[in-house]
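For reference, the structure discussed in these notes is given below.
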Amino acid sequence: TPVQIKEFGAVNKIDFSPVPPYNYAVTASSRIHIYGRYSQEPIKTFSRFKDAAYCATHRDDGNLLVAGSEEGSIRLFDISGRAPLRQFDGHTKAVHVVGFLSDKYRIFSGGDDYSSNLWDIPSATEIVSYSEHTDYVRCGCASKVNADVFITGSYDHTVKLFDARTKSSVMTIEHGQPVESVLLFPSGGLLVSAGGRYVKVWDVLKGGQLLVSLKNHHKTVTCLCLNSSGQRLLSGSLDRHVKIYSTTSYKVVHSFNYATSILSLALSPEDETIVVGMTNGVLNIKHRKPEERKEMSRKKRQPAYRTYVKGRTYMPKQEDFCVSKPVKRVLRKYDKLLKSFQSSKALDAVLEPPIRLYTPEVTVAVMQELHRRGTLRSALAGRDEKQVNLLLTFVARRVIEPRFTPVLVTVADMITDIYQPVVGQSAIVDRQFLRLQEAIGKEIDYQEELLEVLGMMDTLFATFTKKRATYLEENKSNGLTETIE
């Protein structure tokens, strides 16, 4: 059931604080009220405005609040204080849109004097003023990705994208109707504009290409809002409806009805609360129903004890057919890690002392499997001094074993490639590299000596063969017996 709070005038802006406990600022008439999520009365009020206040917006850290006013000045408040910290004067008419750039030290604003300005908070001075719109500037938003980019929408039917580093707008988008609200997706690539009965989605990265135009309201769309995951887009309108669209298909997936025309709406950062402000000054708060816990299902009656022991003492007869219980296979730790494609952890598991020292063939087999999968290099990379030392010790000790040589030569090559840039930074690792070099050097010497011995033996075998042939030719009478003798 919604909670309804009566304000002093039409609610033109609702803004949730981005930090817990997610209080929200409501701008109505000449006051800004701060409400807690479940409070019926305002926790705090800012009322230092001579005339109407507009667009109270929180900073990303939730400490500061900025608001425009009918008299053309912009005021900056500390959430914990009451008096304005700064006042920015420069607009000649009402300021309907203000907000913080994502660097937190600059404010953008748009007014009924057709100008869009940028202000420096520490010095309270105007940095730059753009006078490109030809009608009231009534909405705007800042990019979360780029601290220099902000967007304004105007009643001249255009949306303009400004970059603080340039002297003019960098993009103009024609909406076709007076623009009441604009919104940037968190990625900064998509822009949503609302005006007239239309909600339009534009691709900023393609130079403002229109992606989709939605016409689901009967009257002017006044406000837009995204949920925390960016999968739902909400639009409120003077036709008393809030429509919820899926941002993948842009189809209406839900709709809310309200008593009068809607001017503003906001969703809490956890999507737990939806707050709607209306033209008659009523604030409507809906909380998500807490998920009801499933009732504990009645515990099933367990079979009696005798059921379990039944047949335990039965001795099978000769004609009985006994079915043996299948033995459950228990996977080793490294097998589980290989099944879940955690290459680096699988390699760590087989480098533990019991496996590395007593069953080195398992370690080498896992390395071979990782190489077959093409993930050996990534498993070997990114290790610290201790782990590299362990790897090199294992390789240096086992590379000379003929059954392991083909795999460990590949591993040694990869380790050398990966850790070559850091050679000289650790005495321990350098010592292991030298040991590996020494082991391979010795092995090459052995191989050369073996080849020499093989050459000698080949010569000897060649001479034996000839003699043996002449011996057999001479004793043809009983060849088999004499040869054996």
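At a glance:
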{"read-out": "Per-residue HN-Hα couplings for the stretch 317-331 [Karplus 6.51, -1.76, 1.60; θ = phi - 60°; Hz; x = Gly/Pro]", "value": "7, 5, 8, 5, 9, 8, 9, 7, 6, x, 7, 6, 7, 9, 6"}
{"read-out": "The stretch 308-441, relative contact order in percent, only Cα pairs under 8 angstrom and at least six apart counted", "value": "19 percent"}
{"read-out": "The stretch 3-287, accessible surface, carbon-and-sulfur percent (1.4 angstrom probe)", "value": "48 percent"}
{"read-out": "Surface per residue (accessible, 1.4 Å probe) for the chain, Å²", "value": "58 Å²"}
{"read-out": "Highest-first arrangement of 196-209, 229-242, where packing means the average Cβ count within 10 Å", "value": "229-242, 196-209"}
{"read-out": "Integer Hz, Karplus 6.51/-1.76/1.60 couplings in order for the stretch 184-200, x for Gly and Pro", "value": "9, 5, x, 6, x, x, 10, 10, 10, 10, 10, x, x, 8, 9, 10, 10"}
{"read-out": "Low-density loop positions, trypsin sites (Lys or Arg not before Pro), the stretch 110-172 - DSSP coil, at most 10 other Cβ in 10 Å", "value": "R165, K167"}
{"read-out": "Degrees between helix 427-474 axis and first principal axis of the chain (Cα, 0 to 90, nearest 10)", "value": "30 degrees"}
{"read-out": "From phi via Karplus (6.51, -1.76, 1.60), per-residue ³J(HN,Hα) for the stretch 412-418 in Hz, x at Gly/Pro", "value": "4, 4, 5, 4, 4, 4, 5"}
{"read-out": "Heavy atoms of L351 accessible to a 1.4 Å probe, total area in Å² rounded to 10", "value": "10 Å²"}
{"read-out": "Apportionment of accessible area to carbon and sulfur, the stretch 333-443, percent (1.4 Å)", "value": "56 percent"}
{"read-out": "Rounded FRET efficiency, nearest 0.05, which uses the C-beta distance separating L434 from V362 and R0 of 25 Å", "value": "0.35"}
{"read-out": "Gained length - K167 relative to K50, 0.36 nm times residue gap less alpha-carbon distance", "value": "38.8 nm"}
{"read-out": "Dipole of the chain, positive end: most advanced residue of L376, V282, V429 [Cβ charges, Cα centre]", "value": "V282"}
{"read-out": "Spin-label model distance (nm) - S378 vs V253, 7 Å beyond Cα toward Cβ", "value": "3.1 nm"}
{"read-out": "Mean-position separation - Cα centroids, the stretch 140-178 and the stretch 204-223, in angstrom", "value": "15 Å"}
{"read-out": "Using a Förster distance of 51 Å, the FRET efficiency for K289-T416 (Cβ separation, nearest 0.05)", "value": "0.25"}
{"read-out": "Two-site label geometry, E401 and A147: point separation in nm, points 7 Å out along Cα→Cβ", "value": "5.7 nm"}
{"read-out": "Rounded to 10°, Cα long-axis angle of helix 360-373 versus longest principal axis of the chain", "value": "50 degrees"}
{"read-out": "Average Cα contact separation per residue, the chain, under 8 Å, 6 or more apart, as relative contact order %", "value": "8 percent"}
{"read-out": "Difference of contour (0.36 nm per residue) and Cα-Cα distance, D320 to S39", "value": "93.6 nm"}
{"read-out": "Residues I127 and K345, FRET efficiency given R0 of 35 Å [Cβ-Cβ distance, rounded to 0.05]", "value": "0.10"}
{"read-out": "Cut-off under 5 Å, modelled amide H: who pairs with S39 long-range", "value": "none"}
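The values are calculated or read from the model by the stated rules, or taken from the named source; none is laboratory data. What you see is a predicted model; the values in this text were computed from it and never measured. We place every Cβ from the backbone using ideal geometry, glycine too, and count neighbours over all the protein chains shown. The protein model used for the area step is the full one, side chains on, heavy atoms only, and it has no ligands, DNA or RNA in it. Shrake-Rupley method; radii C 1.70, N 1.55, O 1.52, S 1.80 Å.
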